[in-house]
Amino acid sequence: MTIKSILQKIDAIRAKKITLPPSQNAIAFNPTLNADEIALFEKKWKIELPDGFKSFLSEIGNGGFGPGHGLIPLGTESILDPRIPVGDRDTMDTEKDFAYGSAWNYEPLRRAMEEGTADQDQLMEYYFSVDRISGAIRVCDWGGGGLGLLVVKGREHGKVWCDYRGDFGGIFPETFSGEDSGHMSFLQWYEAWLDEIVSEVPLEERRFW
């Protein structure tokens, strides 16, 4: 998975005039970032971005054509959780390690909802807290409460995770095939998304969208 192969697949989509996903109007990217601009973001948030992601930003573009409603430009939006009401604490803590190594959901909340117990509000507050996604930045938004995350701190550094707490789906890694396979880096994830477009996999059969 390299920048060169990604660019080749983008060119193939353009050349074949393949129908784009419903959330994409065109194959377009924002201007690239230079090394100083990337370093400034890293310094501000006290992180080290994965090399592959930095290559994408500097050689392809800072946001644009990509999974969900498109890749989010690196900036303030990268560290905000849009699901939290304005005025509440919604900034991801990039100085803490990402907490997970495997898929996570909150069993106490599921039981409380099934049983109608009085502590549901307290459990909901814990479940939906932005603290659950510390150590990551936001790279895309799928709508319906689903976010694409890139881990920037901890043992999963450089891997892409999905946050589907919006519909109680928990937080889980993007994998190659099945739950027990390796976790995907940003470039691997992005290229897998392109592969399904190039192969014209029907929307309802796609793993990446």
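The values are calculated or read from the model by the stated rules, or taken from the named source; none is laboratory data. In this text the structure is predicted, and so the values were computed from the model without any measurement. Virtual Cβ from ideal backbone geometry, glycine too; neighbours counted across all protein chains shown.
Note on the stretch 126-148: residues that are surrounded by 17 or more Cβ atoms within 10 Å (Cβ to Cβ) and acidic (Asp, Glu) amount to 1. Of all the criteria given as (1) modelled with pLDDT under 95; (2) more than 28 Å from residue 170 (Cβ to Cβ); (3) among the aliphatic types (A, V, I, L, M); (4) touching a helix residue (DSSP H, G or I) at 6+ places or on another chain (Cβ under 6 Å), the one not satisfied by residue 26 is (4).
Counting only residues that are in a loop (DSSP other than H, G, I, E, B), in contact (Cβ under 8 Å) with a residue 12 or more places away in the chain and exposed (fewer than 14 other Cβ atoms within 10 Å of the Cβ), the stretch 85-95 holds 2 of them. Among the residues of the stretch 119-137, those that are farther than 23 Å from residue 44 by Cα and part of a helix (DSSP H, G or I) comprise 120, 121, 122, 123, 124, 125, 126, 127, 128.
The rows are residues; the columns are (1) under 18 Å from residue 55 (Cα atoms); (2) of a type outside the set (Val, Ile, Thr); (3) at pLDDT below 95.
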| residue | (1), (2), (3) |
| --- | --- |
| 130 | no, no, yes |
| 135 | no, yes, no |
| 139 | yes, no, no |
| 144 | no, yes, yes |
| 147 | no, yes, no |
| 158 | yes, yes, no |
| 175 | no, no, yes |
| 187 | yes, yes, no |
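Only residues that are among the hydroxyl-bearing types (Ser, Thr, Tyr), surrounded by 17 or more Cβ atoms within 10 Å (Cβ to Cβ) and over 23 Å from residue 17 (Cα atoms) were counted in the stretch 165-209, giving 2.
Scanning the stretch 20-65 for residues that are of a type outside the set (S, T, N, Q), more than 21 Å from residue 185 (Cβ to Cβ) and in contact (Cβ under 8 Å) with a residue 12 or more places away in the chain yields a total of 8.
Taking the criterion of being among the hydrophobic types (A, V, I, L, M, F, W, C) and touching a His at 6+ places or on another chain (Cβ under 9 Å), the residues of the stretch 128-177 that qualify are 140, 142, 151, 160, 161, 176.
Determine which single condition residue 152 fails, assuming it passes every other condition in (1) out of contact with any helix residue (DSSP H, G or I) (no Cβ under 7 Å at 6 or more places or on another chain); (2) under 21 Å from residue 69 (Cβ atoms); (3) hydrophobic (A, V, I, L, M, F, W, C). For residue 152, the failing item is (2). Among the residues of the stretch 8-22, those identified as under 19 Å from residue 206 (Cα atoms) and modelled with pLDDT of 95 or more are 9, 10. When each of 154, 148, 135 is tested for being in contact (Cβ under 8 Å) with a residue 40 or more places away in the chain and either under 19 Å from residue 73 (Cβ atoms) or among the charged types (D, E, K, R) (or both), the lone residue that passes is 148.
Each row is one residue, and each column tells you yes or no for (1) assigned to a loop (DSSP other than H, G, I, E, B); (2) at pLDDT 95 or above; (3) over 19 Å from residue 172 (Cα atoms).
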site: 38; (1), (2), (3): no, yes, yes
site: 43; (1), (2), (3): no, yes, yes
site: 49; (1), (2), (3): yes, yes, yes
site: 61; (1), (2), (3): yes, yes, yes
site: 83; (1), (2), (3): yes, no, no
site: 98; (1), (2), (3): yes, yes, no
site: 112; (1), (2), (3): no, no, yes
site: 117; (1), (2), (3): yes, no, yes
